[in-house]
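Below is one structure; the comments refer to it alone.
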Amino acid sequence: MSAIPASALPNLHTWKHKSDATQWIDRVVMNRFWEYVATLMPRQLAPNMITFIGNIGNLLGAVLVLVMCPTFYEPPPSWLYFTLALLAFSWQTLDAVDGKHARKIGLQSPLGALFDHG
């Protein structure tokens, strides 16, 4: 049994990812913030490195949880909640900024889109 019905397979060749800011907070507040953060990125920094750094933060958060709560039964220290929220916000910001930075310096590519959205 296939996860994708045979009738839908031809659509895979024409599918294109669209990352529109559909929430009002993205359009009104966050997009302006992300545009500002993108101006802070040095031109020498590759957009895929921005994505990679954000993913390192995710990995760090997972490691912190495993170290502080190895069985998931002990209560985590209170600082861990703040740290995880900060890491999640950092990842979300870097994930939104990488494409803006790539377009700013003219380095957008199919590989970058795959790395970002894959």
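Listed here are the residues, each with its yes/no results for (1) of a type outside the set (K, R); (2) touching a residue at least 60 places away in the same chain (Cβ under 8 Å); (3) in a helix (DSSP H, G or I).
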residue	(1), (2), (3)
P76	yes, no, no
T83	yes, no, yes
L87	yes, no, yes
T93	yes, yes, yes
V97	yes, yes, yes
A102	yes, no, yes
L107	yes, yes, no
A113	yes, yes, yes
With without any contact (Cβ under 8 Å) to a residue 60 or more places away in the chain, within 18 Å of K104 (Cα to Cα) and among the β-branched types (V, I, T) as the only criterion, which of I4, I56, I25, I50 stands out?
I50
Can you tell me which residue in region 69-115 is farthest from the chain's Cα centre (by Cα), limited to those that are over 24 Å from L45 (Cα atoms) and open to solvent by less than 70 Å² (accessible area, probe 1.4 Å)?
E74
Please find, within region 28-46, the residue that is nearest to G106 (Cα to Cα) out of those that are outside any helix (DSSP H, G or I) and open to solvent by less than 100 Å² (accessible area, probe 1.4 Å).
A46
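The values are calculated or read from the model by the stated rules, or taken from the named source; none is laboratory data. These figures come from a predicted structure and were not determined experimentally. Quick reminder, even Gly has a Cβ in these numbers, built from the backbone with ideal geometry, and neighbours come from all protein chains shown. With ligands, DNA and RNA removed, areas are computed over all heavy atoms of the protein, side chains included. Shrake-Rupley method; radii C 1.70, N 1.55, O 1.52, S 1.80 Å.
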